[in-house]
Amino acid sequence: MIKHIWFDIEGTLTIRSDEFNKAHNQLRYKTFAEIVGKPLTEELKQKFEKLYAKCGSNSAVFRSLGCTSDFWQIRFNTLDKTKYYVPIKTVYTTLEKLKEKISISIFTNLKPDEIENILKIIQIDKGWFTFIISGDDIKERKPELDGFYEIIKRTGLPPAEILYVGDRVSVDIIPAKKVGMKTCLVWDKSNEADYSFEKFEDILSIF
């Protein structure tokens, strides 16, 4: 029986538009080129993508290159989210209904100021969430397990009674499963997750 739901934010409570993906990729590649001290070429972009596939997240890529845990998140904060994010009615109404049934919380790699910024843009009330764990609250960001163990500690529940909802298999679903949590993938389908829904509002069907 699930007693507490934890949500990722970026890509989970938000939808990545083509415009966002373009700006996001430009920032990732440009940052990578700066760190390795090489010109930005197609070959270098491919090298980054291979490293991303190996490490599992942008934060982990730059951490593997000797950068601090929050290095990528500081760079990510420079993207003007008001250009790319809009409130999504189905996300809002789903969370509104869920919070009346069960405790909901947030665990994300984002920095605390960016959590507040994005929640305001998508018009989700911060007060709806019992707990909010940022990437700054743990030693290492996802896909490392630090944050998932912190979830268990904060809720005081057995992992099997906790549901983690995210949009990426390697960063959200697999790590949550490793610590024994139930998992839910949104905006896509995957056999890796206990539940997977292409429509966000279908989360309600679990309850």
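Structural remarks
- Contact map, the stretch 34-52: first residue in contact (Cβ under 8 Å) with a residue 24 or more places away in the chain, second residue surrounded by fewer than 15 Cβ atoms within 10 Å (Cβ to Cβ), Cβ cut-off under 6 Å, separation 6 or more or different chains; pairs are 35/65.
- Set side by side, the residues 69, 64, 105, 17 differ, and just one is under 16 Å from residue 165 (Cβ atoms) and among the hydroxyl-bearing types (Ser, Thr, Tyr), which is 105.
- Of the residues screened, residue 45 is one that is of a type in the set (D, E, K, R), in contact with a Phe, Trp or Tyr (Cβ under 6 Å, 6 or more places away or on another chain) and farther than 21 Å from residue 167 by Cα.
Residue-wise test of (1) in contact with a Ser or Thr (Cβ under 6 Å, 6 or more places away or on another chain); (2) more than 25 Å from residue 72 (Cβ to Cβ); (3) among the basic types (Lys, Arg); (4) in a strand (DSSP E or B).
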site: 144; (1), (2), (3), (4): no, no, no, no
site: 147; (1), (2), (3), (4): no, no, no, no
site: 190; (1), (2), (3), (4): yes, no, no, no
site: 201; (1), (2), (3), (4): yes, yes, no, no
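- Wholly enclosed helices (runs of 4 or more DSSP H) of the stretch 1-118 bearing at least 1 residues over 18 Å from the mean Cα position of the chain (by Cα) and of a type outside the set (Phe, Trp, Tyr): 18-36, 42-55, 58-64, 89-98
- Any hit, the stretch 137-158, residues being within 16 Å of the chain's Cα centre (by Cα), basic (Lys, Arg) and open to solvent by 40 Å² or more (accessible area, probe 1.4 Å): no
Residues checked against (1) at pLDDT 95 or above; (2) surrounded by 14 or more Cβ atoms within 10 Å (Cβ to Cβ):
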position: 8; (1), (2): yes, yes
position: 12; (1), (2): yes, yes
position: 16; (1), (2): no, yes
position: 34; (1), (2): yes, no
position: 40; (1), (2): yes, yes
position: 45; (1), (2): yes, yes
position: 66; (1), (2): yes, no
position: 71; (1), (2): yes, yes
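- The number of residues in the stretch 175-205 that are open to solvent by less than 60 Å² (accessible area, probe 1.4 Å) and more than 16 Å from residue 91 (Cβ to Cβ) comes to 9.
- Only one entry of 104, 118, 124 meets the criterion of being surrounded by 14 or more Cβ atoms within 10 Å (Cβ to Cβ) and farther than 23 Å from residue 205 by Cβ, and that entry is 118.
- Cβ-Cβ under 8 Å pairs, at least 6 apart or on other chains, the stretch 76-91 side under 22 Å from residue 28 (Cα atoms), far side modelled with pLDDT of 95 or more and basic (Lys, Arg): 77/111
- Condition met for residue 207 (among the aromatic types (Phe, Trp, Tyr) and modelled with pLDDT under 95): yes
The values are calculated or read from the model by the stated rules, or taken from the named source; none is laboratory data. Everything quoted here is computed from the prediction, not taken from an experiment. A quick note on method: Cβ atoms are made from the backbone with ideal geometry, for glycine too, and the neighbour counts reach across all protein chains shown. The area values use the complete protein model at the heavy-atom level, side chains included, leaving out ligands, DNA and RNA. Shrake-Rupley method; radii C 1.70, N 1.55, O 1.52, S 1.80 Å.
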